[in-house]
Structures are given as C-alpha cells and as structure tokens.
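Heads up, the thing below is written out as structure tokens.
Nothing in this text is a laboratory measurement; each read-out follows from the coordinates by a stated rule. Quick caveat: nothing in here was measured; it's all calculated off a predicted structure. So basically every Cβ, Gly included, is an ideal-geometry build from the backbone, and we count neighbours across all protein chains shown.
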Amino acid sequence: MTDKDIKDEIIDETVENLETTTETLSGENEIETLKTELEDWKNSYLRKQAEFQNFTKRKEKEFDDLKAFASEKIVVKVLDIVDNLERAIAASSESKDFDSLVKGVELTLSQMKSTVASEGVEAIETEKASFDPHLHMAVAVEDSADHANDEIIAEFQKGYKMKGKVIRPSMVKVCKK
C-alpha cells in the first residue's frame, strides 16, 4: 500500500464521515465537530504514514542482512574443507610422507566437489563434445584430422553450471577445418 493509497483511503473515509456528520449537525457546533474530526483523521493519516515508513525501513534492513549473510551456509562448509587441508599439510610435514599428503589432498578435493555439488554446482562436460558458445569459451583453434569440425580437442579450464546457469564457461581448444 503506497502513501497515495493510504491518503486516498483516509480522504474517502473522511468525506463519507463528513457527509454523515453534516446532515446531523448544524451551526457552530457542526464546524467545531468537523474541525475536531478532521484533526483526528489528519493525525491518523500521519501515524499510518509513519508506520509505513518504518515498515519500509525494516524490510530494507532485513533485505540487506539477507544479502550480507546469504553465503554463510556455504562458507561454513568451505571452512571444514580448509580445516582438512590444514590437517593434511600438518600431518605430511611431520611424517614427510608425500603419498599421505596426496591422499589427504585427494580426500579434501572429493569433499570440496561433494560440497559444491550439494549447492547445485556441476562441471560442464567437454570430452567428445561439440563447441557450444553458451557453455564453452574457445581460446584456441586447430585443424585436426582426428576430430570433426567444431569438436572440442582439449580443455584448458573446467567450466561449471549452478542450478542450470553457467557460472564459468569451459576454456577449450576447438577443431576448425
């Protein structure tokens, strides 16, 4: 409800009440009563306007808070992964065992992939795929007898979609005849 709607509603009610009051009152008593009633309606309008402004400010603050903390859930998940990476580095530096470091990093990478998958993120497939400008960014072209025209030859950087929307296109080399 906008300020204009509130104002129009109050004016309409005031006019109706004034018409009813005018029919029953007369003279100076009528004028005083109408002035008092008008003042009451004016105060009511001002209160409603202030309430609406407070409501608007409260909603804006709630929206700002929502934006500020929208990523909190994913950040908490990523912090668990950071902890695991720190533990893997600490354990490997103590034992000087490269294989256990690799295994720890692989487990952490698996956890990271699982976390982003739970948020609706999926990798864009490029193996044996045709070039699609909506999914891929061609950074190189090459004529290759082993590949069809517009077929992807190599992927330089993985691309990702989140809930169906491309958030990062795959950087690829494309065959051009």
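A few comments on the model shown:
- C-alpha long axis of helix 72-95 to longest principal axis of the chain, angle in °: 30
- Span per principal axis, largest first, for the Cα atoms of the stretch 123-177 (Å): 36, 16, 14
- Acute angle (nearest 10 degrees) that the helix 27-68 long axis makes with the longest principal axis of the chain, alpha-carbon atoms: 10
- Only one item in [x] 1.77; [y] 2.16; [z] 0.90 matches Cα Rg over 2.2 N^0.38 Å derived from the coordinates shown, and that item is [y].
- Above-threshold pairs, the threshold being 18 Å between Cα atoms, out of Lys73/Lys103; Lys77/Lys113; Lys113/Lys163; Lys113/Lys161; Lys113/Lys158: Lys73/Lys103
- FRET efficiency for Leu107 and Arg47, using Cβ-Cβ distance with R0 set to 41 Å, rounded to 0.05: 0.10
- Rounded to the nearest 20 debye, dipole of the stretch 71-119 from Cβ charges on Lys, Arg, Asp, Glu: 100
- Of the GluC sites (Glu not before Pro) found in the stretch 110-163, those in coil by DSSP whose Cβ has at most 16 other Cβ atoms within 10 Å are Glu119, Glu125, Glu127.
- Helical runs (DSSP H, four residues minimum) scored at -39500 (n - 2.57) apiece and divided by the length of the chain put the mean residue ellipticity at 222 nm at -22000 deg cm²/dmol.
- Straight-line cross-link partners of Lys42 among the lysines, defined as a Cα under 24 Å from its Cα and at least 8 positions apart when in the same chain: Lys4, Lys7, Lys57.
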